[in-house]
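The values are calculated or read from the model by the stated rules, or taken from the named source; none is laboratory data. Predicted model only: the values in this text are computed from it and were never measured. For neighbour counting, all protein chains shown are included, and Cβ atoms are generated from backbone atoms with ideal geometry for every residue, glycine included. Heads up: the accessible areas ignore ligands, DNA and RNA and are worked out on the full protein's heavy atoms, side chains in. Shrake-Rupley method; radii C 1.70, N 1.55, O 1.52, S 1.80 Å.
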Number of protein chains: 2
Amino acid sequence: MPTPSLPYTAQQEKLARYAKALSHPARIYILRFLDKQCACYVGNIVDELPMAQSSVSQHLKELKNAGLIQGTVEPPKIKYCINRENWREAQAMFAALFEER
Amino acid sequence: MPTPSLPYTAQQEKLARYAKALSHPARIYILRFLDKQCACYVGNIVDELPMAQSSVSQHLKELKNAGLIQGTVEPPKIKYCINRENWREAQAMFAALFEER
DNA sequence: AACACTTATCGTGTTTTTACGATAAACTAT
DNA sequence: ATAGTTTATCGTAAAAACACGATAAGTGTT
């Protein structure tokens with residue numbers, strides 16, 4: 001295996017990170033829900049999903065770390081919404097992957 | 001027997017499965033490579049990637065199980081290519097996720 | 001049959017993901 | 001202060017992902 005020590009391009013790494021964020025149905029659900037509702041509180045999402053509050057919180061954290069959502073504090077709640085800038089970037093990167101030839 | 005109520009829709013599960021297939025940079029690389037080359041042998045891919053042949057084989061298996069690629073035997077080699085039907089389906093499903101509102 | 005070539009699979013160890021309950025942190029209201 | 005509400009984090013355990021070397025399986029050739 002004599003070839004490249006340079007592993008992957010930054011683009012490939014980034015797209016893989018976005019894809020990983022989308023790789024669990026609960027996170028697809030959350031994103032779809034936020035996209036429809038524009039914004040909502042954690043409690044609303046917990047009510048929708050068949051898992052513990054702590055698990056939902058963890059999925060939200062992963063989506064936030066991936067840059068796909070963002071939260072704003074509205075005491076005593078926290079409101080989450082799609083991060084539109086990165087959302088568009090992810091959209092473009094997936095589109096490019098499938099269109100390119 | 002009543003049908004068990006699944007927590008997520010079939011669509012969400014399917015999209016999550018496609019996303020998981022794309023969630024590793026090596027698999028992004030492979031798909032991109034196959035898309036460009038139209039088709040190639042396993043050896044060509046192994047030469048491109050900084051990992052063992054057995055690891056590449058495992059990534060190919062995952063992509064095949066996800067339905068994104070397919071292989072045809074051309075003794076003594078095996079030629080892989082994109083599964084265009086599922087490729088288009090994945091393209092449509094990602095596009096729908098990001099466009100929908 | 002024996003060999004060479006190509007790729008898949010096996011066995012193993014390490015790391016990451018996923019889920020949970022319990023607890024902490026931050027804020028409001030009484 | 002005390003209590004109540006909301007969400008994040010901690011600690012843990014089970015499962016899955018990932019990579020590797022070694023080996024098997026399949027095919028063509030001699």
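General observations
- Accessible area per residue, Å², segment A:10-99 with all protein chains present, probe 1.4 Å: 50 Å²
- Pairwise Lys count, segment A:10-99 - Cα closer than 17 Å, eight or more residues apart or different chains: 8
- Average beta-carbon neighbours from other chains, 10 Å sphere, peptide A:88-99: 4
- Spacing of the two label points (7 Å from each Cα toward its C-beta) at A:F33 and B:A39, in nm: 4.5 nm
- Average partner coverage of B:79-86, which counts Cβ from other chains inside 10 Å: 0
- Distances in nm from B:P50 to the matching label points in the other copies, shortest first (labels 7 Å along Cα to Cβ): 4.2
- Residues of segment B:16-30 buried by at least 20 Å² on assembly (accessible area, 1.4 Å probe, chain alone as reference): B:A16, B:A19, B:K20, B:L22, B:S23, B:P25, B:I28, B:Y29
- Here's the picture: a label point sits 7 Å out from the Cα of B:E100 along the beta-carbon direction, and within segment A:24-47 the residues with their amide nitrogen under 16 Å of it are A:24-39.
- Within the listed set A:E13, A:E62, A:E89, the residue fluctuating most in the Gaussian network model of chain A (springs between alpha-carbon atoms under 10 angstrom) is A:E13.
- Chain B: angle of helix B:10-21 to the longest principal axis, Cα-based, in degrees nearest 10: 30 degrees
- Solvent-accessible area, 1.4 Å probe, carbon plus sulfur percent, for chain A: 51 percent
- Amide N proximity, segment B:4-43 versus B:N65 label position 7 Å along Cα-to-Cβ, cut-off under 12 Å: B:21
- Chains A and B together, accessible area buried on both sides, 1.4 angstrom probe, square angstrom: 3500 Å²
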